[in-house]
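Accompanying notes for the structure given below.
Throughout, read-outs are computed from the coordinates displayed, never taken from laboratory work. Keep in mind the model is a prediction, meaning the values are calculated, not measured. Here the Cβ positions follow ideal geometry from the backbone for every residue, glycine too, while neighbour counts run over all protein chains shown.
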Protein chains: 2
Amino acid sequence: MARTQAAEYDQRRRAIVEAAAALYAQHGFLGASVADLAQRCNTSKSLIYHYYQAKEDILFDVMNTHVQALDEAAHAISESPERPEKKLRALAHAFMRLYVGAADRHVVLLNELDNLPKARRAEIVKLQRDLIALVRDMLLEIAPRLETKARAHAAAMLFFGMINWTHTWFDPNGAVSADEIADMAVDVALGGLVRAAG
Amino acid sequence: MARTQAAEYDQRRRAIVEAAAALYAQHGFLGASVADLAQRCNTSKSLIYHYYQAKEDILFDVMNTHVQALDEAAHAISESPERPEKKLRALAHAFMRLYVGAADRHVVLLNELDNLPKARRAEIVKLQRDLIALVRDMLLEIAPRLETKARAHAAAMLFFGMINWTHTWFDPNGAVSADEIADMAVDVALGGLVRAAG
DNA sequence: CCTACCGATCGGTAGG
DNA sequence: CCTACCGATCGGTAGG
């Protein structure tokens, strides 16, 4: 009995996070009220506040589940014995797939970080910094002539720019697939557009 | 007399737009109230509503002034008789400089588009689409093997990703300058990171 | 005695 | 150009 209740508890909590991700992705965190969220879950505000102490805690859950998934994928790839070029490509594919599979969470992570309370924001930012350092070090292995950490960091951010900016334009049902975009971004980073096009 | 009043009118209106850009960049459009804006301008809410009919009209002004500047720079470069590689580089430099010079407006343009009323949003989106088509055509000239418009569009968006994503991390007072970032992004697009590093 | 949950409403603040 | 306000809605909580 207690097991069943716990299972239902987790299931309901996951349903709230998923609805919140969709709502915050579409209207922004401040543009979507707790009442809106309750309505989308066919329940009451009080039920939402039974599962979460504050609105910001829901936002944290949306972001944290996503950034944890990114972090897990990135570390698994990073620790594999492959060449750094191959790791970078695997990471681009994994990220694009996580983006497509969790597009709402991804948009929320990229747009609503400033609406988290300081302490919670710091947790997310720490994980993001780990991801960036991972890519920066891969790029330094691939292109040692980047030399300084500042330039390697800038290169990593240009790479993340290509991948992350897709949330503003990429259509999973469009003419170019997520895997093709991942390959293009890696090809551009490794060899430039001219070679990427061939 | 009327001239002096008109001059003061424009000056005050520009001061409101600038204060609004700073406020919306920092707290988001929904996170900053008209009262906040009035306070930052050392005036009253009513004065704000003397210059603007609605809060969204201020947001439009913030975005429109910036996108008009981008559009003007891009078309001037596009119509020059230079090689497409050189035009792309000039465009990257112009954009990075406009970003540094109008960082608040840039952040607002990239983050708050969804808070504009439909018709106003369409005006901005039209100008942005023009910019994208311009870069897409430059890339097709540089790398004809991109072949389809869909792939050339994706390539243009990867390029804009590198440039636009800087709003999340670039520090004008940091170790790498805006001009260096512009060169890196173009070098990556043209020849890949390995060559860009050399 | 606890949990899960509801209808109604709290004190404050938003844009106008 | 300000003070004084409005209809509505906000995030969060009361009793049961």
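The chymotrypsin sites (Phe, Trp or Tyr not before Pro) found in segment B:105-198 that occupy coil by DSSP, while having at most 16 further C-beta atoms within 10 Å, are B:169. What shape does the protein assembly as shown take by its C-alpha gyration tensor, where a ≥ b ≥ c are the square roots of the eigenvalues and a/c under 1.5 counts as rounded, a/b above b/c as prolate, and the rest as oblate? Oblate, since a/c reaches 1.5 and b/c is not below a/b.
Around residue B:92, what is the net charge, scoring Lys/Arg as +1 and Asp/Glu as -1 over all other residues with Cβ under 14 Å from its Cβ?
Spelling it out: positives minus negatives among the neighbours equals -2.
Remark: for residue pairs A:55/A:86; A:87/A:126; A:86/B:126, the C-alpha separation exceeds 31 Å in A:55/A:86; A:86/B:126.
GNM on chain A, alpha-carbon springs under 10 angstrom: the most fluctuating residue among A:92, A:35, A:102 is A:35. Measuring nothing but how far apart in sequence close Cα pairs (under 8 Å, 6+ apart) lie, relative to its length, segment B:114-198 scores a relative contact order of 18 percent. In this structure, residue A:26 and residue B:11 have a Cβ-Cβ separation that, at R0 = 45 Å, corresponds to a calculated FRET efficiency of about 0.70. Sort segment A:55-197 into rounded, prolate or oblate with this rule: let a ≥ b ≥ c be the square roots of the eigenvalues of the Cα gyration tensor; rounded if a/c is under 1.5, and if a/c is not under 1.5, prolate when a/b is larger than b/c, oblate otherwise. Since a/c reaches 1.5 but b/c is at least a/b, the shape of segment A:55-197 is classed as oblate.
Residues within the reach of a label modelled at residue B:54 (point 7 angstrom out along Cα to beta-carbon, backbone nitrogen below 17 Å), restricted to segment B:118-146, are B:118-125.
Normalising by the residue count of segment B:55-197, find the relative contact order in percent from Cα pairs under 8 Å and 6+ residues apart.
32 percent
Distance between the 7 Å Cα→Cβ label points at residue A:72 and residue B:85: 4.6 nm. In a fully extended conformation the segment linking residue A:100 and residue A:168 would gain 23.2 nm over its present Cα-Cα distance, using 0.36 nm per residue.
222 nm [θ] for chain A, helices only, -39500 (n - 2.57) per DSSP H run of 4+, per residue, to 500? The helix contribution divided over chain A gives -25500 deg cm²/dmol. Listed from fewest to most Cβ neighbours within 10 Å, the set A:148, B:168 follows the order A:148, B:168.
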